[in-house]
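Just so it is clear, none of the values below were taken in a lab; they were calculated from the coordinates. Treat the numbers as computed from the prediction; the structure is a model and nothing was measured. Methodologically, a virtual Cβ is constructed for each residue, glycine included, from the backbone with ideal geometry; neighbour enumeration extends over all protein chains shown.
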Amino acid sequence: MNLPPSMRRGFRGLMPGTLDHYLLQQVTPPFSISLGVVMAALLLERLLALFNLLASNGSSMKTFVSLLTDLVPHYLGLALPAAMCVSVFSVIRRMSQNHEIDALMASGVSMFRIARPFIVVGAILGVLSFSLYGFIQPYARYNYRSALYFASHSGWAPHLQSHMFAAPSHDLMLTAEKVDDAGSRMFKVFIRDNSNHDLTRYITARKGYLYIPNDEDKIRLDLIDGTIITDRHDKSPSVIHFDHTTELFSPHAQLDKLKAYRTRGQTERELTLPELYRGIRHGMPGIKHSYLVAELHFRLARTLAIPFIPLLACALAVMAKRQKRSLGLPIAAIALVGFDHTLQMGLSLVANVHMSPLLVIWLPTLVFGIGCVWALIWRCGGIRILMMPEHPAARRTLSPDGLPGRIQDSHS
């Protein structure tokens, strides 16, 4: 392409060089480890609560995996900024302790140049967070709530265990000595049936097979080689032997009630960004206008703040000479948590007190961004370093790969 030299130098400067590749290779392993650790820490408490809920309702492992999958986008939006901050901090701290930062800065590479690949990664994560906050999380939140509603209201589920007493309906109790095939095939079955108030039936069978018909109206239990003892209370019990019989019963919760769960979009947190924008312009039944405004500005502010996190991590990770300990990581954690809580408070103030989002959401975001940039400038030596004129006798140039090149005489 026949481009002017200035444009060619600009495009060449934007291309990742050797220094960029080196820094990205260094930050990838700690980022993956940090993301996994943070996700595990955030999910642990919710996992225990889900285990207790699903175990008490007799739900299957498939329901648990579905609920866990719906929780991942929510906690991923919280874990990405934290993992990026920890990984960038650890890489810059190690390079500072090994004097790699000193060598690069002595060769003419500034901290802003070192932080550039991290800023690019932060921008990419910002785009990913935009899709998470704006489109994926609303659907995942609704799917989680609907699945949790089904799991907590479905009553008895046709998944039994050996020697476990189950009550598929109010008038029926059954147990089996051995259960396999995911609870659908039973051996040595015992059933007590009180569906008819004038009599009680006791059923024993050598085998039993549990099915859910396609219409999902009733659960079918096929029994093989058993005995039915009917107690009429005022007469002698009768005994009937059978080779095969079928019992039909309905579960506690009717399926039409489960299908009647509300549709998505009745809360502002279940709306995507385009839906929030349309709701602000044209209104949305059942949701206040202030709630829509607060939610939209809150999501955008959290997204735009993510690319500034690497600047803060780089500034706090560089250690002073002869300094063995540093409070950089705790300060970064306090800054991130404090900023997130400030945005949460701004969200509440805009939604409930009708305050301006420019004051309580965007002003803290602007302060956070300026603070991150100023922290790196201060670590580099202050604003005077940026304004210091270059020595006229010699100047250092960077090669296209981002590493220091030769010293050129300004008069040559």
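Some observations on this one:
- Peptides 111-117, 283-289 ordered by average Cβ neighbours within 10 Å, highest first: 111-117, 283-289
- Inter-label distance, nm, simple model (7 Å from Cα along the C-beta direction), ASP102/PHE51: 4.9 nm
- At an R0 of 30 angstrom, the distance between the Cβ atoms of ARG325 and ILE33 translates into a FRET efficiency of 0.85.
- Two-site label geometry, ALA41 and HIS233: point separation in nm, points 7 Å out along Cα→Cβ: 6.2 nm
- HIS244 versus LYS188: modelled label distance in nm, points set 7 Å from Cα along the beta carbon direction: 2.5 nm
- Segments 228-237, 310-319 sorted - mean Cβ within 10 Å per residue, highest first: 310-319, 228-237
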